[in-house]
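First up is the structure itself, then whatever we jot down about it.
The values are calculated or read from the model by the stated rules, or taken from the named source; none is laboratory data. Everything numeric in this text was worked out from a predicted model, so none of it was measured. For neighbour counting, all protein chains shown are included, and Cβ atoms are generated from backbone atoms with ideal geometry for every residue, glycine included. Ligands, DNA and RNA are excluded from the accessible area calculation, which covers all protein heavy atoms including side chains. Shrake-Rupley method; radii C 1.70, N 1.55, O 1.52, S 1.80 Å.
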Amino acid sequence: MHSYHTLVVLVENKPGVLARVAGLFARRGFNIHSLAVAPTEDERISRITIVADTESAPVEQIVKQLDKLINVVRIDELAPRDSVEQELLMASVQASVGERSKVLELCQIFSAKVLDTGTQEMMVRLAGSPAKLDDFEQLLRPLGISAIQRTGRVALPRLDHGSSGASLRSVS
Amino acid sequence: MGINGGQALIRALEREGVEVLFGLPGGAILPVYDPLIDSPIRHVLVRHEQGAGHMAEGFAHATGRVGVAMVTSGPAATNIVTPLCDAYMDSVPMVCITGQVPSTAIGTDAFQECDTVGITRSVTKHNELVTRAEDIPMAIRQAFYIATTGRPGPVLVDIPKDIVDPANPRSAMDWYWPTDAEVEASLPGYKPSTQGDPVRIREAAELINRSVKPVIYAGGGILKARAAEALRALAELCDLPVVTTLMARGAFPDDHPLCLGMPGMHGNYTAITAMQEADLLIALGSRFDDRVTGRLDGFAPSAKIIHVDIDPAELGKVRRPDVAIVGDCRSVIEDLLSALQALGGSAAQPDRSAWKQQLSGWREKFPLTYENLEAGEGHVKPQFVLERLRSLTPSDTIVASGVGQHQMWTSQYWKFNHPYTWVNSGGLGTMGFSIPAAIGAKVGRPDRMVWAIDGDGCFQMTAQELVTASAERIPIKVAILNNAYLGMVRQWQEMFYDERYSEVYLSPDLPDYVKWAEAMGCAAMRVESTDEVDAAIEKANGINDRPVVIEFRTDAREKVFPMVPAGKGNSEVMVDPSQQAELARIRALGL
């Protein structure tokens, strides 16, 4: 069983910074489970959401090595229960004219959307928690998936509901 | 004021206080070499770009200032990758400027193009491709700031030709010089912390005051932090024995009664065993390198650990510390001294006489030793050469070494009593380091005698830089310990591969080292017997108008002892064959 940690890494929005981060993981033998990159509300800063495999290295060492990169501005470690994680899945599924209802039924249950319909296939999309996407993918599989693409998760700290303490641990 | 990027680069280097550049020009960097003619900066023209990098390192080791190398694009950049990696491993402050093909040609597989920033990313503390002429002054300021602060290291600045070429309008810019505040603001993710946490420092002081078997494990960080005096004050205040790692030789005087010498794979028995038996290791600027710890699960099993390092990632990377302190060694040691004094200073130290007695017993029983020969008998012993060199040269002589047996013997037999007198490649283990590093050290410290101790294998890797030394009148001295073998590899094959010698023989007289050295403008001598050693060294010491090379024909069977075999724990250290019986007896008694 792998154990994963989600790291939200704020970096300077400059050429080559993603290569520095990815290169660091490769060089130190740390494994990346998934990765998502996008600019933030501040155009000088990008947010990299990394799901790191903490079997390959202790998360503390991964964070400290990341923090040594000059272009890394801030690192936050998100524990799953303290964050909201979302991912997007697109899949093309075998569905001839008579079998479309099976796909539509699953889409209805999961609130997935049909993006395109062809003579033999349907293309569907689902956004949600990684676990929900896993379930959806599992159930689509017997129908025959011809192509599938998942984005890797993005995450933000859970908002304050006025109950417990801090939702996010700053580690740098 | 209107200026071009090439002029701005040279002016920026002048403003950073650079007095010497080690380099070699070529196509892409040509426009920067033109304004260099009008600059007071000295340029040392190397014969291979690897030499430029190691010279910059040697300069930095000897002076504590940034070493600067400048080379062209493509093959020149790839040739300097080894020194960058070497400097990265040993935390050497270095700035490397590389030429790059013009911006418009980047990515087209242009002549002499390579992805320098991509290739050097994992062997530099930071690197940057500058894309606009007006960014050059800031890029240079950032490079020097990053190279010298926090954990020092190499920084590379890659400069496309078009932004420095006066014939190209893209090189036109207005000169400006960023302030310290602007430099810091331009690096929002870089904030090295130098002050140790006072709570942790007090905890460390309390641990020291409770320890009955302490050892200070001093690493290269002591030298980087200019903390040798503070270290000595700490050792003397609390009467703490000190081991100095390969990177810290000279950080604490070898002739000091508290000095136990070098630990590790080829450390001396007392230093290795003291660490094994200690109840407290005070690690100062050291990183629990595998060559020091041996097999990790058997390393210093009963020791609590105080670990001080400026790089937070070193704390807990290898061994979990009981007290971890992020900070500059000098500042932390000084604060630790105050904390110890507040807790009673030397009067508060427990009785450690049993520990002291144990240490002196080991020292007496297992000193460094080798089989000494009568004059004229057999080949010269390499250890003897080093003992004589040490005796016949000034106490503050700077010694640089290559990598292998000769390096270990130099570290063992050279008695270091001054910081910044030992220049070697510890982390990367770069054969061929010594000659260019010695040249760089001599350029930085022309007032000092500088000896390079080299092996015959190493010498053949970078000897051409003696041409540089001759041409530039940099009178270093070189001792080649010629045993006709890749000696350390031979030692491993003898000990661990049933004496099956595979591709380690080099020949004693091919090349002819004396003729080769003379051809490169050096004075040269060959020493074949013990009774010629002193006269040759004395003659070499008297030659100051050019480099001098002495080839010592040494005993190829000689091995480096003590030795902790790779993969074994430090408690399984092997001592000199003449001491093995006594060690076996003591081990049998469980002492």
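Summarising the label geometry, the points placed 7 Å from Cα in the beta-carbon direction at A:Glu41 and B:Lys356 lie 6.5 nm from one another.
The H on the amide N of A:Ser83, modeled in the peptide plane, is under 5 Å from the matching H of A:Arg158, each at least 5 residues off or on a different chain.
Can you flag which of B:Lys213/B:Lys442; B:Lys125/B:Lys317; B:Lys365/B:Lys415; A:Lys64/A:Lys113; B:Lys381/B:Lys442 are past 30 Å Cα-Cα?
In this structure, B:Lys213/B:Lys442; A:Lys64/A:Lys113 lie more than 30 Å apart at Cα.
When the Cα positions of B:Ala105, B:Thr194, A:His161 are compared along the charge dipole of the protein assembly as shown, A:His161 comes out farthest toward the positive end, with charges on each C-beta of Lys, Arg, Asp and Glu. Look at the stretch B:66-79: the mean tally of other chain Cβ atoms within 10 Å of its residues' Cβ atoms is 0. Computing FRET efficiency as 1/(1 + (r/R0)^6) for B:Arg210 and A:Leu159, where r is the C-beta to C-beta distance and R0 is 41 Å, gives about 0.30.
How do the peptides A:108-119, A:87-98, B:93-104 rank, highest first, by the average count of neighbouring beta carbon atoms within 10 Å per residue?
Values: A:108-119: 12.8, A:87-98: 17.6, B:93-104: 24.7.
Result, highest mean Cβ count within 10 Å first: B:93-104, A:87-98, A:108-119.
Here the Debye sum runs over all C-alpha atoms of the protein assembly as shown as equal scatterers in vacuum, and log10 of I(q)/I(0) at q = 0.05, 0.10 Å⁻¹ comes out as -0.31, -1.09.
Work out how much length B:Arg557 to B:Ser186 would gain on full extension: take 0.36 nm times their residue separation and subtract the Cα-Cα distance, in nm to one decimal.
127.9 nm
Relative contact order of region A:84-154: 50 percent, from C-alpha pairs under 8 Å at least 6 residues apart in sequence. Amide H contacts for B:Trp422 (H built 1.01 Å from N in the peptide plane; partners 5 or more residues away or on another chain; cut-off under 5 Å): B:Val399. Karplus-based coupling profile of region A:72-86, in residue order and whole Hz: 7, 8, 7, 10, 10, 9, 9, 6, x, 6, 9, 9, 10, 10, 9, with θ = phi - 60° in 6.51 cos²θ - 1.76 cosθ + 1.60 and x standing for Gly or Pro. Share of carbon and sulfur in the accessible area of region B:491-537 stands at 47%, probe radius 1.4 Å.
Please check which bits of region B:458-501 a label hung off B:Glu538 would reach, taking the label as a point 7 Å along Cα-to-C-beta and the cut-off as backbone N under 20 Å. Of the residues in region B:458-501, B:477-479 have backbone N under 20 Å from the label point off B:Glu538. Taking a point 7 Å from the Cα of B:Leu589 along the Cα-to-Cβ direction, the residues of region B:349-379 with backbone N closer than 18 Å to it are B:354-367. Taking every DSSP helix (H) stretch of at least 4 residues in chain A, weighting each as -39,500 (n - 2.57) and dividing the sum by the residue count yields a mean residue ellipticity at 222 nm of -7500 deg cm²/dmol.
Counting only other chains, what is the mean number of Cβ atoms within 10 angstrom of the Cβ of each residue in peptide B:182-192?
4
Scalar couplings 3J(HN,Hα) for region B:44-59, obtained by applying the Karplus form with A = 6.51, B = -1.76, C = 1.60 to θ = phi - 60°, are 9, 7, 7, 9, 7, 5, 4, x, 4, x, 5, 5, 4, 5, x, 4 Hz; x denotes Gly and Pro. If only the Cβ of Lys and Arg carry +1 and only the Cβ of Asp and Glu carry -1, the dipole of the protein assembly as shown around its Cα centre is close to 1020 debye.
Solvent-accessible area of region A:6-142 (1.4 angstrom probe, protein heavy atoms only): carbon and sulfur portion equals 51 percent. Backbone geometry of region B:543-551 corresponds, through the Karplus equation with coefficients 6.51, -1.76 and 1.60 at θ = phi - 60°, to 3J(HN,Hα) couplings of 9, 10, 9, 6, x, 9, 10, 10, 9 Hz, x marking Gly and Pro. Along the charge dipole of the protein assembly as shown, pointing to its positive end and built from +1/-1 on Cβ of Lys, Arg, Asp and Glu, which listed residue (B:Gly23, B:Cys259, B:Asn4) has its Cα farthest out? About the Cα centre, the residue reaching furthest to the positive side is B:Cys259. Overall, the anisotropy analysis places region A:84-154 in the prolate class: the square-rooted eigenvalues a ≥ b ≥ c of its C-alpha gyration tensor yield a/c not less than 1.5, with a/b exceeding b/c.
Taking packing as the residue-averaged number of other Cβ atoms within 10 angstrom, the listed peptides B:444-452, A:54-62, B:277-285 run from highest to lowest as B:277-285, B:444-452, A:54-62. Derived from the Cα gyration tensor, the three semi-axes of the equivalent ellipsoid of region B:198-365 are 20, 19, 15 Å, largest first.
Please label the shape of region B:291-351 as rounded, prolate or oblate, based on the square roots a ≥ b ≥ c of the eigenvalues of the alpha-carbon gyration tensor (a/c under 1.5 means rounded; beyond that, a/b larger than b/c means prolate, else oblate). Here region B:291-351 falls in the oblate category.
What's the center-to-center distance, using Cα atoms, between region B:509-562 and region B:224-262 in Å? So the two Cα centres are separated by 32 Å.
A plus B alone minus the pair: what accessible area, both sides summed, probe 1.4 Å, in Å² to 100?
Chain pair A/B: roughly 1500 Å² of buried accessible area.
For A:Ala26, the shell of other residues with beta-carbons less than 12 Å away shows a net charge of +4, using +1 for Lys and Arg and -1 for Asp and Glu.
The spacing between region B:50-107 and region A:35-84, judged by their C-alpha centroids, is 30 Å. Loop-resident GluC sites (Glu not before Pro) (DSSP state other than H, G, I, E or B) in region B:434-517 with no more than 14 further Cβ atoms inside 10 Å of their Cβ: B:Glu499, B:Glu503. Computed from the C-beta positions of B:Asp531 and B:Asp498 and an R0 of 30 Å, the FRET efficiency is 0.25 to the nearest 0.05. Around the amide H of B:Gln100, modelled in the peptide plane, lie the amide H atoms of B:Ile159, B:Lys161, all under 5 Å away and 5 or more residues distant in sequence or on another chain. Shape class of region B:96-192 from the alpha-carbon gyration tensor: oblate, with a/c at 1.5 or above and b/c at least as large as a/b. In this simple spin-label approximation, B:Leu296 and A:Glu55 carry label points 7 Å from Cα along the Cα→Cβ vector, and these lie 1.9 nm apart. Spin-label model, B:Ile106/A:Gln149: points 7 Å from Cα along the beta carbon direction are separated by 2.8 nm.
On a 0 to 90 degree scale, rounded to 10, what angle separates helix B:198-210 from the longest Cα axis of chain B? Helix B:198-210 sits at roughly 20 degrees to that axis.
Our summary gives chain B a relative contact order of 14 percent, counting only alpha carbon pairs under 8 angstrom and 6 or more residues apart. Count Lys and Arg as plus one, Asp and Glu as minus one, and take only other residues whose Cβ is under 11 Å from that of B:Met138; the net charge is then -2.
Normalised by the number of residues in region B:198-365, the average gap of Cα pairs under 8 Å and 6 or more apart makes the relative contact order 29 percent.
Against chain B, whose longest principal axis is taken from its Cα atoms, helix B:382-392 shows a tilt of about 80°. Below 12 angstrom from the Cβ of B:Trp362, what's the summed charge of the other residues (Lys, Arg +1; Asp, Glu -1)? Its environment carries a net charge of 0.
Of the residues A:Val51, A:Phe110, A:Ile32, the one whose Cα sits farthest toward the positive end of the charge dipole of region A:1-127, with +1 on the Cβ of Lys and Arg and -1 on the Cβ of Asp and Glu, is A:Ile32. Computed over every Cα-Cα pair of region A:6-45 and binned at 5 Å starting from 0, the pair-distance distribution P(r) comes out as 5, 20, 31, 25, 13, 5, 1 percent.
Remark: the protein assembly as shown carries 41 Å² of accessible area per residue (probe radius 1.4 Å; ligands, DNA and RNA excluded). If only the Cβ of Lys and Arg carry +1 and only the Cβ of Asp and Glu carry -1, the dipole of chain A around its Cα centre is close to 340 debye. For peptide A:64-72, the mean count of partner chain Cβ atoms within 10 Å of a residue's Cβ comes to 6.
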